[in-house]
1. To check you understand DSSP bridge types, tell me what percent of the beta bridges within segment 2-260 (both residues inside) are antiparallel, rounded to 5.
2. Can you pick out the pairs among 11/202; 178/205; 60/205 whose Cα atoms lie more than 24 Å from each other?
3. Report, in deg cm²/dmol and to the nearest 500, the calculated mean residue ellipticity at 222 nm for the chain, where each DSSP H run with n ≥ 4 adds -39500 (n - 2.57) and the sum is divided by the residue count.
4. Is the chain best put as rounded, prolate or oblate by its Cα gyration tensor, with a ≥ b ≥ c the root eigenvalues, rounded for a/c under 1.5, and otherwise prolate when a/b is larger than b/c, oblate when not?
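What follows draws every value from the coordinates through simple rules; no lab data is involved. Just so it is clear, the structure is predicted and the values come from calculations on it, not from any experiment.
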Amino acid sequence: MLILLPPSETKRAGGAGVPWDASRLALPELTPIRESVIEALVALSDDPDAAARALKLGPKQRGEIEVNRALRTSSTMPAIDRYTGVLFDALDAASLDAPARQWLGEHVLIHSAPFGPVGALDPIPSYRLGAGIRLPGLASQRQLWAGPVAAALDRYARGFVLDLRSEAYVALGAAPAKRSAYVRVLTRAVHGQTRALNHFNKNAKGRLTRALAESGADLSDAAQFMEWASGAGFETDRDGDAIALIVPHAENLLTAAPKDR
């Protein structure tokens, strides 16, 4: 079983690991693309004004340019600990016991913009780059990544793939169609109808991933996942070719931090 997660724009600074080394990341066949993206991102940082425009940074975000400038030399930490924000705060990987963290390392890839999909425990530095940013001198990220990532995932994923990524990252490399399920998070209102969630869907995905890690689940298909989810307290349903993860309206409000409302 493989879980695909999106990254987060917000990240922890620092780290205790040695500088980034492409050979320590999952999917080594993506190394040439990773190297070209990192090279372009570091080079862009030599011109702060151009970097701010390309990365769509406001005046208070210009410190991110220095973060990118130091990409090759800054300290690293496991990807699952690097990212913060709603999904990763709900997952709270730092509080998991060793077996659950090992499960994350064996079953989770996080799809980043500069590195492509990386293992949950793969060491990465902090960076600033979104899925929709085109770096000077390179093709669009979709042109760079989509084909190679899809091929790499097809080789890497030996069983069922649960795709929790946002659509922006799905566009950078599709999961194997015949053995994957895309998850859409919906909320059930008081009158019983469902509607799509945007911001709050990240909390549900984080809690779901944590529950999978704590249970040590290894599920072989969508039907098994939905059966497991029911036993773990999650409501799911079919949504065309996807799976709907349904969050009660009251729970949606209660789990949202004040800043997210």
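1. For segment 2-260, the DSSP antiparallel bridge percentage is about 50.
2. Exceeds cut-off: 60/205.
3. The helix-only estimate for the chain comes to -11000 deg cm²/dmol at 222 nm.
4. Working: a/c = 1.71, a/b = 1.50, b/c = 1.15.
Here the chain falls in the prolate category.
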